[in-house]
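What follows is a short report on a single structure.
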Amino acid sequence: RDLSYGFIGLGRMGLPMALNLQKKLPGVDADSKVNVFDMNKAALEQIAKDKDPKGAQLEVLGSAVDVASKSDVIFTMLPEPVHVRGVYTDLVNNLGDKTSKIFVDCSTIDTQTSIECGKLVTDKDASAAFVDAPVSGGVVGAEKGTLTFMVGCNKDKQQVYKQVEELLKLMGGRIVNCGTQGQGLAAKLANNYLLAVTNVATAEAFHLAEKLGCDLKLFSDIVNSSSGRSWSSEVNNPVPGVNPATPSSRDYVGGFGINLMRKDLGLAIDVAKQSGSSMLVADKTYEVYQNIEKGDNYQGKDMSVIYKFLQDQDQ
Ligand code: NAD
């Protein structure tokens with residue numbers, strides 16, 4: 001029989017991912033559906049009203065348990081560890097013993113919570129599988145189906161990995177096998193730690209160069225062909241006008257929210273503590289995000305707004 005699919009968490013990332021999954025599912029007829037649930041009633045009503053949102057059909061069900069009981073492969077895309085733990089506890093308490101279901105959690109959470117959720121699932125039902133598959137690529141990547149998935153899957157479930165990889169290809173451009181369960185998140189959080197620090201340092205360096213009288217377009221060209229180059233200096237340059245495609249060039253609107261960067265940095269600090277890794281600038285960097293995020297002029301803006309904060313400070 002054909003497998004059925006479910007998606008729990010239809011926010012900025014989850015909804016476009018679920019739509020891509022449904023639209024591109026191989027070998028399904030035009031009427032096939034993906035079972036979905038979100039605890040936000042308004043979001044669900046909108047999907048139910050819009051019978052054919054962007055060409056795909058999503059079957060809205062009444063709870064996460066309903067979605068999981070009607071689906072063989074279930075994706076979750078939830079905000080924080082507490083939500084992921086809550087949903088998986090609920091599922092494990094309410095699903096049967098021998099389901100052979102595959103759960104794929106794409107949320108960005110700490111590795112420990114992810115491994116605990118994986119254990120919850122497989123302790124209850126050894127025939128089931130739990131895979132972590134956090135993403136990078138943001139809302140645009142979710143909409144275009146070009147996300148990078150970093151996947152952690154235990155060795156005894158490699159058949160599951162193959163199956164999940166084929167499905168993730170419908171929502172992403174690059175699927176990376178990172179190793180055992182939890183390793184997808186390990187890679188994601190270590191990467192985002194680097195981004196969190198580089199973002200602050202890049203804003204500081206450009207602010208310093210400005211104060212020293214450098215032409216910032218010229219300075220950007222130098223950095224981007226020198227050892228200081230990074231995604232933050234090149235693709236997401238913090239100085240308005242240096243790169244017209246960046247959020248900084250449209251008053252820091254869109255992009256990767258400063259609050260989301262603070263959240264991911266907090267998770268990286270959690271896993272650093274869990275694994276006994278020394279982090280020299282993590283706490284200070286966290287403080288920087290926490291303070292700037294509170295300011296009216298910076299709230300909800302792209303994380304590169306730290307450059308504007310430094311300018312405002314030194315005026
Ligand atoms: P979001 O807040 O837009 O969406 C999360 C959705 O989950 C919401 O619609 C919420 O109602 C729903 N939800 C919460 N608890 C639930 C529950 N118990 N049952 C059912 N639904 C529930 O968040 P998002 O931007 O879609 O991000 C989701 C995850 O992806 C986060 O972990 C985030 O860090 C990660 N992520 C986000 C981005 C981005 O650019 N937004 C990029 C990469 C990774």
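A short reminder: the numbers here are calculations on the coordinates, not readings from a lab. Computed from a predicted model, the values in this text were never measured in an experiment. A quick note on method: Cβ atoms are made from the backbone with ideal geometry, for glycine too, and the neighbour counts reach across all protein chains shown.
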*Charges only on Cβ, +1 for Lys and Arg, -1 for Asp and Glu: so what's the dipole of the chain about the Cα centre, in debye to the nearest 20?*
460
*Step through the residues of segment 185-190 one at a time and calculate ³J(HN,Hα) from phi using the Karplus curve (6.51 cos²θ - 1.76 cosθ + 1.60, θ = phi - 60°), rounding each to whole Hz and writing x for Gly and Pro.*
5, 4, 5, 4, 6, 5
*Would you grab the residues whose amide H sits under 5 Å from the one on V60? Only those 5+ places off in sequence or on another chain, please, with H modelled 1.01 Å from N.*
V36
_How far apart, in nanometres, would the label points at N94 and L208 be if each is projected 7 angstrom from Cα along the Cα-to-Cβ direction?_
5.4
*Gain in length, Q299 to N259, computed as 0.36 nm per residue apart minus the alpha-carbon separation, to one decimal in nm?*
13.6 nm
*Say each of N177 and D156 gets a label point 7 Å from the Cα, pointing the same way as Cα to Cβ; how far apart are those two points in nm?*
1.9
*Residue by residue, what Karplus-based ³J(HN,Hα) values in Hz, rounded to whole numbers, does segment 294-310 have, using 6.51, -1.76 and 1.60 with θ = phi - 60° and x for Gly and Pro?*
6, x, 3, 6, 10, 4, x, 8, 4, 4, 6, 4, 4, 4, 5, 4, 5
*Mind grabbing the base-10 log of I(q)/I(0) for segment 187-313 at q = 0.16 Å⁻¹? Debye formula, identical points on the C-alpha positions, no solvent, two decimal places.*
-0.75
*Grab the DSSP H runs of the chain that are 4 residues or longer, score each as -39,500 (n - 2.57), total them, divide by all residues and round the 222 nm result to the nearest 500 deg cm²/dmol.*
-15000 deg cm²/dmol
*Give, rounded to the nearest 20 debye, the magnitude of the charge dipole that segment 34-142 has about its Cα centre when Lys and Arg contribute +1 at Cβ and Asp and Glu contribute -1 at Cβ.*
180
*Points 7 angstrom from Cα along the Cβ direction at M39 and S277: gap in nanometres?*
2.9
*Using +1 at the Cβ of each Lys and Arg and -1 at the Cβ of each Asp and Glu in the chain, identify which of A203, P240, N94 lies farthest towards the dipole's positive end.*
N94
*So for I222, I175, I306, fewest C-beta neighbours within 10 Å to most, what's the order?*
I222, I175, I306
*Taking one equal scatterer on every alpha-carbon of the chain, how large is log10 of I(q)/I(0) by Debye at q = 0.07, 0.14 1/Å?*
-0.31, -1.07
*Scan segment 143-241 for trypsin sites (Lys or Arg not before Pro) in coil per DSSP, keeping those whose Cβ has at most 12 other Cβ atoms within 10 Å, and list them by number.*
none
*Amide H to amide H under 5 Å from F75: which residues, 5+ apart in sequence or cross-chain, H placed 1.01 Å off N in plane?*
G6, F7, I8, V104
*HN-Hα J couplings of segment 107-117 from phi, Karplus 6.51/-1.76/1.60, θ = phi - 60°, integer Hz, Gly and Pro as x?*
5, 8, 9, 6, 4, 4, 4, 4, 5, 5, 5
*If you find the alpha carbon centre of segment 106-145 and of segment 231-310, how far apart are they in angstrom?*
24
